[in-house]
Amino acid sequence: MPRVKLFYTDTFVLPLPPGHRFPMEKYARLRERLRASGQFADADFRSPMAASTEQLCHAHVAEYVARVCRGDLSAAEIRRIGFPWSEGMVERSRRSAGATIAACRIALQETCAINLAGGTHHAHADHGEGFCVFNDAAVAARVLRAEGCVQRLAVVDCDVHQGNGTASICAEDASVFTFSIHAQKNFPFAKAISDLDVGLPDGTGDTVYLQQLAWALDQVFARARPDLVIYLAGADPYCDDRLGRLALTFDGLAARDEMVFAACRDRRVPVAVAMAGGYAHVIDDTVSIHCRTVLAARRIFDPLLG
């Protein structure tokens, strides 16, 4: 039976100094957890091609892409990204964007596909920030539009932080509808303007979050009429996330995923998923949240693939 395809980048190592806040090991743990679940075959896991310079330049300024690739960023630019520059950083960033491009293409054929990384929504056209170098959702949206694969897309961003880079890159692009539901007082402190923003107060829990999301999804599909959704399924709205400020439980996050996937399924709109953020005090909590997102997609969409 066909299954939802998963694109992984955890074999492309990003060297980080000891004690760095970004939990890179979550990606390898997620793939291991999914393999151990018995829900996927080896062929369901695919290593993506790196996004080409031409593809990256659909969303990013060519000069910025070139300086990233040759290691010519200033110290201030590197601090803003939050990662030290390395060849591994460049390769992983290219592969992460390539994984979302590939997931979008497969989703258009098979309803749903997943990037087990990605969601780098703070990267702007001419700079990176907040652990984001290249904006995989914006790159993928622009590439698919340029290739004529879709006419309209919607980015449904449920990371706890506003998708300011995506909103900024796509601000003048009527073919890409950007929606972000996030903690209003969290990073980035100067928000961009998405096509639809839902900023929530600190401590918002499951009930209010899900009510707001249900209302917003109706707005997204009515206004965007998308041929494809790119869903950023951040684990960081979790109540014990170090960089969160919201208070969703495991069950609340699972209900969020179900709601997004059901909205796409019921409207027969393909969806490509990226994992986005997750910084729980216990890293296995983040891995569990991401794992449940993937298994929810399989449960909802696999019956449609047969």
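The values are calculated or read from the model by the stated rules, or taken from the named source; none is laboratory data. Computed from a predicted model, the values in this text were never measured in an experiment. For neighbour counting, all protein chains shown are included, and Cβ atoms are generated from backbone atoms with ideal geometry for every residue, glycine included.
Filtering the range 222-241 to residues that are free of Cβ contacts under 8 Å to residues at least 60 places away in the same chain and part of a loop (DSSP other than H, G, I, E, B) leaves ALA235, CYS239, ASP240. Of the residues making up the range 242-262, at least one is acidic (Asp, Glu), under 26 Å from ALA140 (Cβ atoms) and touching a residue at least 24 places away in the same chain (Cβ under 8 Å). Filtering the range 193-207 to residues that are on the phi < 0 side of the Ramachandran plot and not in a strand (DSSP E or B) leaves ILE193, SER194, ASP195, PRO201, ASP202, THR204, GLY205, ASP206, THR207. Where helices (runs of 4 or more DSSP H) sit wholly within the range 54-136, those with at least 2 residues that are closer than 30 Å to PRO226 by Cα and among the small types (Gly, Ala, Ser) occupy 87-110. For the range 32-50, does any single residue satisfy the condition of being among the basic types (Lys, Arg) and farther than 26 Å from VAL4 by Cβ? Scanning the range 32-50 turns up no residue that is among the basic types (Lys, Arg) and farther than 26 Å from VAL4 by Cβ. Looking at (1) modelled with pLDDT of 95 or more; (2) more than 17 Å from the chain's Cα centre (by Cα); (3) at negative phi, can you tell me which one SER37 breaks? SER37 satisfies all of (1) modelled with pLDDT of 95 or more; (2) more than 17 Å from the chain's Cα centre (by Cα); (3) at negative phi except (1). Kindly establish whether GLU32 is closer than 18 Å to GLU91 by Cβ, assigned to a helix (DSSP H, G or I) and free of Cβ contacts under 8 Å to residues at least 24 places away in the same chain. When the stated conditions are applied, GLU32 does not pass them.
Which one of SER168, SER175, SER194 is at pLDDT 95 or above and either surrounded by fewer than 20 Cβ atoms within 10 Å (Cβ to Cβ) or more than 19 Å from the chain's Cα centre (by Cα) (or both)? Step through it out loud before you land on a result.
Details: SER168 fails: either surrounded by fewer than 20 Cβ atoms within 10 Å (Cβ to Cβ) or more than 19 Å from the chain's Cα centre (by Cα) (or both); SER194 fails: either surrounded by fewer than 20 Cβ atoms within 10 Å (Cβ to Cβ) or more than 19 Å from the chain's Cα centre (by Cα) (or both).
Selected residue: SER175, the only one of SER168, SER175, SER194 that is at pLDDT 95 or above and either surrounded by fewer than 20 Cβ atoms within 10 Å (Cβ to Cβ) or more than 19 Å from the chain's Cα centre (by Cα) (or both).
Taking the criterion of being aromatic (Phe, Trp, Tyr) and farther than 19 Å from ARG105 by Cα, the residues of the range 1-54 that qualify are PHE12, PHE22, TYR27, PHE40.
Could you please give the count of residues in the range 44-53 that are part of a loop (DSSP other than H, G, I, E, B), of a type in the set (A, V, I, L, M, F, W, C) and without any contact (Cβ under 8 Å) to a residue 60 or more places away in the chain?
Of all residues in the range 44-53, those part of a loop (DSSP other than H, G, I, E, B) come to 47-52.
With of a type in the set (A, V, I, L, M, F, W, C) added as a condition, the list becomes 49-51.
Those left that are additionally without any contact (Cβ under 8 Å) to a residue 60 or more places away in the chain: 49-50.
Residues flagged as part of a loop (DSSP other than H, G, I, E, B), of a type in the set (A, V, I, L, M, F, W, C) and without any contact (Cβ under 8 Å) to a residue 60 or more places away in the chain within the range 44-53 amount to 2.
ALA107 meets all of the listed conditions (1) modelled with pLDDT under 95; (2) crowded, with 20+ Cβ neighbours inside 10 Å but one, namely (1). Here the range 1-29 is the region considered, the condition is being of a type outside the set (A, V, I, L, M, F, W, C) and outside any loop (DSSP other than H, G, I, E, B), and the residue that is farthest from VAL271 (Cα to Cα) is GLU25. The single condition among (1) assigned to a helix (DSSP H, G or I); (2) touching a residue at least 60 places away in the same chain (Cβ under 8 Å); (3) of a type in the set (A, V, I, L, M) that ALA272 does not meet is (1).
Taking the range 275-292 on its own, how many of its residues are in a helix (DSSP H, G or I) and out of contact with any strand residue (DSSP E or B) (no Cβ under 7 Å at 6 or more places or on another chain)? So that I can check it myself, show each step before the final result.
Step one: filter the range 275-292 for residues in a helix (DSSP H, G or I), giving 283-292.
The next check asks that each one be out of contact with any strand residue (DSSP E or B) (no Cβ under 7 Å at 6 or more places or on another chain); those that pass are 283-284, 287-288, 290-292.
Here the count works out to 7.
A quick yes/no check of all residues on (1) surrounded by 18 or more Cβ atoms within 10 Å (Cβ to Cβ); (2) hydrophobic (A, V, I, L, M, F, W, C); (3) within 15 Å of VAL287 (Cβ to Cβ):
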site	(1), (2), (3)
ARG225	no, no, no
ILE230	yes, yes, no
ALA233	yes, yes, yes
TYR238	yes, no, yes
GLY252	yes, no, no
MET259	no, yes, no
ALA263	yes, yes, no
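Quick check: anything in the range 282-301 in contact (Cβ under 8 Å) with a residue 40 or more places away in the chain and of a type in the set (Lys, Arg)? Yes.
Here's the yes/no breakdown for (1) over 25 Å from ALA99 (Cα atoms); (2) among the basic types (Lys, Arg):
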| residue | (1), (2) |
| --- | --- |
| THR207 | yes, no |
| VAL220 | no, no |
| ARG256 | no, yes |
| GLY277 | no, no |
| PHE301 | no, no |
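If the condition is being in contact (Cβ under 8 Å) with a residue 24 or more places away in the chain, under 18 Å from HIS124 (Cα atoms) and aromatic (Phe, Trp, Tyr), then the range 180-213 contributes only PHE187.
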